[in-house]
Amino acid sequence: MYMIHIVDDDQNVRDGFLMLLKSAGLKCSAFESAEKFLENYKAGTNDLLILDMHLPGMDGCSVMGYLRKKGFNLPIIIITAYDEQTSRVAAKNHGALAYLRKPVDSAALLDLIKFSFAKNLN
């Protein structure tokens, strides 16, 4: 079973993603901080992370670096309200699957998730 984890400090964003993903029949969990996500994360073979780039405390790049250092290679979709070139490059360098600006296009997000899961099956 696929599991999508959402990390964003904005409750409305988390709730919106949860509603979208659950309505698409996807299993998901949401966390208000990177630290809470990392405390609770149990690696699975079919995980995907939707991660806000700008979080209080540990930011998106720090989370990606930590996960890669620990050997977790789950696909990561970065979301941000601040589309900065330096953040975009940093996300790419940490292996992000995609970098999306908020508000995120629902259809594009679902297509990315489907692409990622199909890619992992091959």
Q | Among residues of the stretch 73-122, those that are among the charged types (D, E, K, R), surrounded by 11 or more Cβ atoms within 10 Å (Cβ to Cβ) and over 23 Å from Ser33 (Cα atoms), counted | A | 2
Q: Filter the stretch 57-72 down to residues that are touching a Phe, Trp or Tyr at 6+ places or on another chain (Cβ under 9 Å) and of a type outside the set (Ser, Thr, Tyr) and give me whichever is farthest from Phe37 (Cα to Cα).
A: Phe72
Q: Tell me, please, whether a residue that is closer than 20 Å to Lys102 by Cβ, over 12 Å from the mean Cα position of the chain (by Cα) and charged (D, E, K, R) can be found in the stretch 60-80.
A: no
**Q.** Criterion (out of contact with any Ser or Thr (no Cβ under 7 Å at 6 or more places or on another chain), surrounded by 19 or more Cβ atoms within 10 Å (Cβ to Cβ) and not hydrophobic (A, V, I, L, M, F, W, C)) met by exactly one of Asp59, Asp8
**A.** Asp8
Q. Does Asp15 satisfy the condition of being charged (D, E, K, R) and surrounded by fewer than 18 Cβ atoms within 10 Å (Cβ to Cβ)?
A. yes
Q: Take the stretch 17-53 and flag every residue that is under 18 Å from Asp105 (Cβ atoms) and of a type in the set (Ser, Thr, Tyr).
A: Ser23
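Throughout, read-outs are computed from the coordinates displayed, never taken from laboratory work. Predicted, not measured: the structure shown is a model, and the values here were computed from it. With ideal geometry, Cβ positions are generated from the backbone for all residues, glycine too; neighbour counts draw on all protein chains shown.
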